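Undergrad: Would you mind keeping the following structure in view while I ask a few things?
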Amino acid sequence: MGIEEDRKKLERSLKPHWVWAIAFGSAIGWGAFILPPDWMGDAGPLGVIIGILLGAILMMIIGVSYGYLIEKFPVTGGEFAYAYIGFGRKFAFLAGWFLTLGYMCIVALNASALSLLAKFLFPDFMTIGTLYTVAGYDVSIMQILLSSLAIIIFGLMNIRGAKFSGNVQFIFAMVLITGIVLLGLGAIFTEGPSLSNATPAFKPDQSMIVSILTILALAPFAYVGFDNIPQAAEEFDFSPKKAFALIIWSLLAAGLAYSAMILITASTMPWQELNNVINAQNIEWGVGHAIESYMGRLGVFIIAAAVSMGIFTGLNGFMISSSRLTFAMGRARILPNVFRKLHPKYNTPYVGVAFTMLICLIAPWFGREALLWVVDMSSTGVAIAYFFCTATAYKYFAWSESGKKKNPKALVSPVRKVFSLLGLISSIGFLVLLLFPPMPSSLGRESYIALGVWILLGIVFYFANQKRYNDIAEKDMNYLILEKEEV
């Protein structure tokens, strides 16, 4: 069988509003409804809002590079393909390895967030069958079953096809936005909530700059999900030129949603008092407690519906991306051949979906706190992926016609070259904030250990597969990854 016949292709079925919903829903996920008290404790309400909006702007700058590369190379694989284009096979594996971990971690974390929600709503029921404690977090059989069921349901849904999961994703995203609007209206028109409660604006015992940088360092994690768009590029039923606009609109919507939930939570009661109550009473879900204080059980129902949609969009979106990434790596022969198989009926990369399900089904047994160590570390992998995308785009833009001597295929666009350079600097900045120990935003000890383990596994895996991966002729590898024999 020739290389052309051997290259499996995905069906073009995704509509623009479905792709926007995949990016927006994945970026918001559960974070906007779970993390505001933690973030305010680190930076204060205004520090969080400034940091999160600056993060959105930096992501938009990085999005310029994504938009161009999607338009030029509309194939699945995203940063794996871009790292190959710009830096070759070894770095393509590096980008793909870290990004696969990031996507799978977020699937698992979204599933654990569903158990956290259920634990708040039905505390007695969810503690039935408590098995053990990991890092201070009680793990029960009910939590394991609920998280596992969610992973299995969304895995099966993804096997059904991108058209089905894309349509469902859009419905989830609309319900999520409606929930935020209703919570905001409740904060405005009910007694109790006031913006005066959002003072002091910054964390009292640290500078404004440190507060903002602490949140800014989280931007790769907070907004990871907009890069699901390139993972789905091969399945667009529209021109890839629209991808950049979809990236910008998804990031803008995500930034506004995060900011709205910070304001809503901070307005319910003095935010320092809220954090003290959460810690003193060991409240599992601080935002739910804050909403209940002014809207009662109706508010709990609304935010439970909204956070459920956030969890579902995250599960669905990252299940899509994880399976597409492993499919692209399987097609390039860096993963076993079974990963490039497509479902005989639904034409989906069902092996990648099943693999993601199996790996993520391990996570509920370790408890949420242990999982957070791995997820914190996965922000590093996302920042590495951003680096390769922006660096490749920088190489493909030229300052002038004379600059095309090094790369005749480069596009003369000094404005976009500036944006790709800014994106490149931003991605390096994120890595410094995460990996430089003196920074207040740097990873904790457990996360460094998890990062080291993943790097060692990657080294072992690469050397075990390098001969098969590197023996493929360059023109054949170009075709397998990019569907063209020349880059």
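The values are calculated or read from the model by the stated rules, or taken from the named source; none is laboratory data. Only a predicted model underlies this, so the values are computations on that prediction, with no experimental measurement involved. Reconstructed Cβ throughout: ideal geometry from the backbone, glycine too, with neighbour counts over all protein chains shown. Ligands, DNA and RNA are stripped out before the accessible areas are found, and what is left, the full protein with its side chains, is counted by its heavy atoms. Shrake-Rupley method; radii C 1.70, N 1.55, O 1.52, S 1.80 Å.
Undergrad: Could you please give the count of residues in the stretch 115-127 that are touching a Ser or Thr at 6+ places or on another chain (Cβ under 6 Å) and in a loop (DSSP other than H, G, I, E, B)?
TA: The total comes to 1.
Undergrad: If the requirement is being over 28 Å from residue 118 (Cβ atoms) and of a type in the set (Val, Ile, Thr), which of these qualifies: 262, 283, 229, 320? Quick ask: steps written out before the conclusion?
TA: Values: 262 fails: over 28 Å from residue 118 (Cβ atoms); 283 fails: over 28 Å from residue 118 (Cβ atoms); 320 fails: over 28 Å from residue 118 (Cβ atoms).
Criteria check complete, one pass: 229.
Undergrad: If I filter the stretch 464-479 down to residues being hydrophobic (A, V, I, L, M, F, W, C) and at pLDDT 85 or above, which single residue comes out as least open to solvent (accessible area, probe 1.4 Å)?
TA: 477
Table: residues versus (1) surrounded by 15 or more Cβ atoms within 10 Å (Cβ to Cβ); (2) within 19 Å of residue 105 (Cβ to Cβ); (3) at pLDDT below 80.
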position: 352; (1), (2), (3): yes, yes, no
position: 361; (1), (2), (3): yes, yes, no
position: 365; (1), (2), (3): yes, yes, no
position: 370; (1), (2), (3): yes, yes, yes
position: 374; (1), (2), (3): yes, yes, yes
position: 377; (1), (2), (3): yes, yes, yes
position: 396; (1), (2), (3): yes, no, no
position: 424; (1), (2), (3): yes, no, no
position: 429; (1), (2), (3): yes, no, no
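Undergrad: Counting residues that are modelled with pLDDT under 90 and open to solvent by 50 Å² or more (accessible area, probe 1.4 Å), which helices (runs of 4 or more DSSP H) fully inside the stretch 150-231 reach at least 3?
TA: 162-189
Undergrad: For the stretch 109-139, which residues satisfy the criterion of being in contact with a strand residue (DSSP E or B) (Cβ under 9 Å, 6 or more places away or on another chain) and farther than 24 Å from residue 301 by Cα?
TA: First, pick out the residues of the stretch 109-139 that are in contact with a strand residue (DSSP E or B) (Cβ under 9 Å, 6 or more places away or on another chain): 115, 119, 126-133, 138-139.
Those that are in contact with a strand residue (DSSP E or B) (Cβ under 9 Å, 6 or more places away or on another chain) and farther than 24 Å from residue 301 by Cα: 129, 130, 131, 132, 133, 138, 139.
Undergrad: If residue 373 satisfies all but one of (1) of a type in the set (Phe, Trp, Tyr); (2) closer than 29 Å to residue 62 by Cα; (3) assigned to a loop (DSSP other than H, G, I, E, B), what's the number of the condition it fails?
TA: Evaluating residue 373 over (1) of a type in the set (Phe, Trp, Tyr); (2) closer than 29 Å to residue 62 by Cα; (3) assigned to a loop (DSSP other than H, G, I, E, B) leaves (3) as the failure.
Undergrad: Shifting gears a bit: Picking from 415, 382, which residue would you name as being open to solvent by less than 20 Å² (accessible area, probe 1.4 Å) and either farther than 18 Å from residue 224 by Cα or assigned to a helix (DSSP H, G or I) (or both)? Working first, answer last.
TA: On the way: 415 fails: open to solvent by less than 20 Å² (accessible area, probe 1.4 Å).
Just one listed residue meets the conditions, 382.
Undergrad: Continuing with the same structure: Can you list the helices (runs of 4 or more DSSP H) found entirely within the stretch 1-114 that contain at least 2 residues being open to solvent by less than 10 Å² (accessible area, probe 1.4 Å) and either touching a residue at least 60 places away in the same chain (Cβ under 8 Å) or among the acidic types (Asp, Glu) (or both)?
TA: Numbers: elements: 3-6, 16-28, 31-34, 36-43, 45-72, 79-87.
Passing ranges, in order: 16-28, 31-34, 36-43, 45-72, 79-87.
Undergrad: Looking only at the stretch 279-306, which residues are part of a helix (DSSP H, G or I), in contact (Cβ under 8 Å) with a residue 24 or more places away in the chain and open to solvent by less than 30 Å² (accessible area, probe 1.4 Å)?
TA: Passing the criteria: 286, 287, 288, 290, 291, 294, 299, 300, 302, 303, 304, 306.
Undergrad: Could you count how many residues in the stretch 235-247 are open to solvent by less than 10 Å² (accessible area, probe 1.4 Å) and either out of contact with any strand residue (DSSP E or B) (no Cβ under 7 Å at 6 or more places or on another chain) or of a type in the set (Phe, Trp, Tyr) (or both)?
TA: Number of matching residues: 3.
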